[in-house]
1. Kindly indicate whether any position in the stretch 32-46 is out of contact with any Asp or Glu (no Cβ under 7 Å at 6 or more places or on another chain), open to solvent by 30 Å² or more (accessible area, probe 1.4 Å) and modelled with pLDDT of 75 or more.
2. Report, ordered by the first and then the second residue, all pairs with beta carbons closer than 6 Å, sequence separation of six or more or different chains, a first member in the stretch 148-177 that is within 20 Å of Gln101 (Cα to Cα) and acidic (Asp, Glu), and a second member that is at pLDDT 90 or above and part of a loop (DSSP other than H, G, I, E, B).
3. Sort through Trp61, Trp9 and tell me the only one that's modelled with pLDDT of 65 or more, of a type in the set (A, V, I, L, M, F, W, C), more than 23 Å from Glu162 (Cα to Cα) and in contact with a strand residue (DSSP E or B) (Cβ under 8 Å, 6 or more places away or on another chain).
4. For the stretch 128-178, which residues satisfy the criterion of being of a type in the set (Val, Ile, Thr) and in contact with a Cys (Cβ under 9 Å, 6 or more places away or on another chain)?
5. Can you pull out the helices (runs of 4 or more DSSP H) entirely within the stretch 60-178 that have at least 3 residues that are open to solvent by less than 80 Å² (accessible area, probe 1.4 Å) and either more than 30 Å from Ala14 (Cα to Cα) or acidic (Asp, Glu) (or both)?
6. Which residue pairs have Cβ atoms under 8 Å apart, sit 6 or more places apart or on different chains, and have a first residue in the stretch 84-113 that is closer than 23 Å to Lys129 by Cβ and a second that is part of a loop (DSSP other than H, G, I, E, B) and of a type in the set (Val, Ile, Thr)?
Amino acid sequence: ILDTMGIYWTMKYANKKDEKLLDEWGLKGIGFDVKIFTPTGYYDEFRKKGIFFKTSKDKVWICTEKAFNLFKKLKRVNSFGLYLGRIKRNEKIKLSIEGAQLIGEEAKKNIVEVDEEEMKKFIQGLNVKPSKLFNCELNNFVLVRFKDEIIGVGILREGFVENLTPKARRIFIDIKIS
């Protein structure tokens with residue numbers, strides 16, 4: 001089942017809450033396979049770390065199994081867990097800064113590296129020129145890295161990286177690198 005509304009994803013787990021009622025009707029609570037969106041090649045890795053779910057606005061979230069069990073008991077929750085990103089029309093995921101940092105540890109492609117000067121521009125929301133490209137596709141989402149840290153997400157264009165940092169997350173102070 002592909003849950004486009006963020007309603008049916010709990011069907012992945014057997015209904016233990018109403019076990020007695022189901023038993024009276026001669027039924028058994030079973031879980032169903034739910035299609036979960038994850039970046040290519042990361043499903044097994046992230047499945048160990050937590051539970052993924054997609055909301056009606058194509059936003060992808062992750063939480064621990066313990067938190068998920070609490071979430072199932074709550075009603076009318078707007079958001080829950082860590083926001084990883086949003087599924088776009090081309091079925092690729094535009095990662096949040098936190099999603100990029102989580103995935104960046106294991107990523108092998110679509111990574112650009114910037115020097116210190118370009119890093120300062122990037123965190124201010126400006127487009128930057130990458131110093132290195134790691135297995136990147138033009139006009140595709142890329143992780144932006146400075147040294148060993150993922151600092152955000154952009155789109156690789158001809159000769160530059162288009163910055164996708166939300167305005168509220170931009171930093172305008174002078175940063176000293178040691």
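The values are calculated or read from the model by the stated rules, or taken from the named source; none is laboratory data. All figures in this text were calculated on a predicted structure; none of them were measured in a lab. When we count neighbours, we look across all protein chains shown, and the Cβ atoms used for this are built from the backbone with ideal geometry, even at glycine. Just the protein is used for accessible areas: all its heavy atoms, side chains included, with ligands, DNA and RNA removed. Shrake-Rupley method; radii C 1.70, N 1.55, O 1.52, S 1.80 Å.
1. No - not one qualifying residue is present in the stretch 32-46.
2. Between residues of the stretch 148-177 that are within 20 Å of Gln101 (Cα to Cα) and acidic (Asp, Glu) and residues that are at pLDDT 90 or above and part of a loop (DSSP other than H, G, I, E, B), the close pairs are Glu162/Asn127.
3. Only one candidate qualifies: Trp61.
4. Within the stretch 128-178, the subset of a type in the set (Val, Ile, Thr) is 128, 142, 144, 150-151, 153, 155, 161, 165, 171, 173, 175, 177.
Val142 - this is the single residue of the stretch 128-178 that is of a type in the set (Val, Ile, Thr) and in contact with a Cys (Cβ under 9 Å, 6 or more places away or on another chain).
5. On the way: elements: 65-73, 97-104, 116-123.
Qualifying helices (runs of 4 or more DSSP H): 97-104, 116-123.
6. Ile97/Thr165
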